[in-house]
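Colleague: Can you keep this structure in mind? I'll have questions shortly.
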Amino acid sequence: MVGAMPVNLIPKFYNGTMDSHNGTDDSDFQVYIGCRIKCGDEFGTVKFIGEVQGYQGVWYGVEWDNPARGKHDGSVDDVQYFKTSKPGAGSFIRPNKITPYRTCADAIRKYYGDREDETVAAHRRTVINEWKREMGAPFIEMVGFEKIHQKQKFDRLLEVCVHDQNVSKAGDVAALCPNVRSIDVSRNLFSNWREVIQLSAQLPDLRELDVSKNRMAVDIPEEALAQLSINFSNLEKLNISVCEYEWADILALSHLWPNVNEIIAAHNKIKWITAPQLTLHTLTTLRLDGNPIDSWREILNLGKMRNLKVLSLNDCHIGEIRFNDEPNNKKVDVFQNLEVLFLNRNRINDWRSVSELDKLSRLKKLYFLKNPIQAGDSYDTASQLITAKIGTLQELNGTIITREERRGAEYDYMKQYGAEWKLAQHDLAKQAAFTLEHCRFEELIKKYGIPEDSLLVKQPKTTTLTSQLLEVTLQDENEKKIKKKFPSTMLVQKLVILAQRLFSKPGNTGTPKLYLLDDQMKGAEIYLDNVMKELTYFSVKNGDTILVKFR
């Protein structure tokens, strides 16, 4: 857990802070134990300030964020001046080597004050010159005009970004740009939340705050944080990614944000999760991408967050998903309003994990890419299986699932596992195991009925050319029928060309569309919409009828 930085040795002559002689004249900037500093492109935390035996003057003992920048563990000549949390991450530097600090107000003034639209500037100069001519005083100085113009420009600022500007304090932001609604102070030098609270207190309409890539200690009691929450009363979106926080840190800090809707806490140190009790009731979106969460049991602790609609868990270490071991697809009483779930690049290696997601009552959109379970199948095959297993799904990996695609995926799923389902009906143990693996199968049986026996028996694989040929009936809109044999690997595109030639006549113009007539689905017509797929992709089998439509 991030907290007050430990110090193992502070010289007796030093009281814990000192003026920073680092290139700034502002006496408000002081370097202290736990202070964040920057040297070149490297960031670090001050762990020691004082003299080092055998070396003259004052030194800063620093633990670097990038351990490769360090030289030791905080000891020199067998004297331990401080300790590092990572081996070899420490070193000593002179005070004049650190980058000068800035206030947020100074950074805004520097960055936005120097950027002026040339058209606006030219217009302003024209107006001034016209005033001078009208007044007959070409040499008159427009006292205060520049200041008024600058003030008006800053007043109009609603969104501010001062990323990586060496900011460590708020400064007088209220006098500069009090109307800001969104501010990005990421990758700066804040060492605790006090300065961020002071910053927010000056922006009464602040809605979005990005403090990512700052390492700020959580050293304020929760009761005090709750009292200070008035300074974040309008905050809706917060980014605290790459801050080295554990979940307990975020829970403690959450007392500051009474009305937050979205929290981005990616790439932190979150591994264990406890259920929020007093806070985060308004949260609708939570992004925990890139955290070392390896157990779904930890995720379940978020399940009682009634307003949570979007949960992002990309690039975590989740290996399987389990809600319960009940042999049915009864909806669970957790994540009752969750609609969007991101699970890309995890370690999920079983299809039952996907089946379990059907137990979520409102899941509409799923992002599920590059998990080990998908390695053995093509993208289209895996997508069909996911679609069939999760009945509420409307969108997969950003692509809308059409009614025809769902119907085809569900029936192919039934045909693929129908034989296994039938065999399991004669053995209670096998039946229970099958139902756990395929939570939704009984629902699909009720929806479509039991596929015919020929589909429920696994056919032995053969390699002869004859065994790979399918006898298919092509039928046009006038019920003209032509029987043909085709390789199962034939592309739909070639069949379209053949059908166009076979049914060529006046009135049949353009490229025909092909539809698989599926008797097991009560005559449903499945559009062969992807001409670059093989016939087997649409589960075309011996004896099937394909409709050829020119209109």
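Colleague: If each residue of separation counts as 0.36 nm, what is the full-extension length gain between Ala226 and Gln416 once their alpha-carbon separation is subtracted?
Modeller: 62.8 nm
Colleague: Another question about this same structure. Report the calculated FRET efficiency for Gln80 and Asp219 (r = Cβ-Cβ distance, R0 = 35 Å), to the nearest 0.05.
Modeller: Calculated transfer efficiency: 0.90.
Colleague: Within 12 Å, Cβ to Cβ, of Glu395, how many net charges do the neighbouring residues add up to if Lys/Arg are +1 and Asp/Glu are -1?
Modeller: Local net charge: +1.
Colleague: Let me ask something else. Any idea of the accessible area per residue across the range 240-305, 1.4 Å probe, to the nearest Å²?
Modeller: 37
Colleague: What aspartates and glutamates could a cross-link reach from Lys86, if we take a straight Cα to Cα line under 19 Å and drop same-chain neighbours fewer than 8 places away?
Modeller: Within the straight-line cut-off, Lys86 pairs with Glu42, Glu63, Asp65, Asp73, Asp78, Glu244, Glu246.
Colleague: Relative contact order for the range 487-551 using alpha-carbon pairs under 8 Å, separation at least 6, rounded to a whole percent?
Modeller: 44 percent.
Colleague: Take each of the peptides 266-274, 284-292, average the number of other beta-carbon atoms within 10 Å over its residues, and list them starting from the highest.
Modeller: Going from most to least packed, we get 284-292, 266-274.
Colleague: Roughly speaking, to the nearest percent, how much of the range 195-349's 1.4 Å accessible area is carbon and sulfur?
Modeller: 46
Colleague: His72 to Gln425: extension gain in nm, 0.36 nm per residue of separation minus the Cα-Cα distance?
Modeller: Between His72 and Gln425, full extension yields 120.4 nm more.
Colleague: In terms of modelled amide H atoms, which long-range or inter-chain residues lie less than 5 Å from the amide H of Val160?
Modeller: Ser182, Ile183, Asp184
Colleague: Calculate the FRET efficiency for Asp294 and Gln336 from the Cβ-Cβ distance with a Förster distance of 22 Å, rounded to the nearest 0.05.
Modeller: 0.30
Colleague: Which sequence of Ile108, Ile33 reflects their accessible areas, 1.4 Å probe, from the largest down?
Modeller: Ile33, Ile108
Colleague: If I stretch the segment between Tyr32 and Lys505 completely, what's the gain in nm (0.36 nm per residue apart, minus their alpha carbon distance), one decimal?
Modeller: Gain on extension, Tyr32 to Lys505, equals 161.4 nm.
Colleague: Once the other residues with Cβ under 13 Å from the Cβ of Glu471 are scored (Lys, Arg +1; Asp, Glu -1), what is the net sum?
Modeller: Result for the neighbourhood of Glu471: +4.
Colleague: If I take every Cα pair under 8 Å that is 6 or more residues apart in the range 235-298, average their sequence separation and divide by the length, what percent do I get for the relative contact order?
Modeller: With pairs under 8 Å counted, the relative contact order is 37 percent.
Colleague: Before anything else, pin down the relative contact order of the range 271-379: Cα pairs under 8 Å, at least 6 apart, normalised by residue count, whole percent.
Modeller: Once normalised by length, the contact order is 24 percent.
Colleague: Run the accessible area of the range 481-551 with a 1.4 Å probe and give the carbon-and-sulfur part as a rounded percent.
Modeller: 49
Colleague: Need one number: nm distance between label points at Glu479 and Asp205, each 7 Å from Cα along Cα→Cβ, rounded to one decimal.
Modeller: It is 7.1 nm.
The values are calculated or read from the model by the stated rules, or taken from the named source; none is laboratory data. What you see is a predicted model, and the numbers here were worked out from it, not measured in a lab. Cβ atoms come from the backbone with ideal geometry, glycine included; neighbour counts cover every protein chain shown. Accessible surface areas use protein heavy atoms only, side chains included; no ligands, DNA or RNA. Shrake-Rupley method; radii C 1.70, N 1.55, O 1.52, S 1.80 Å.
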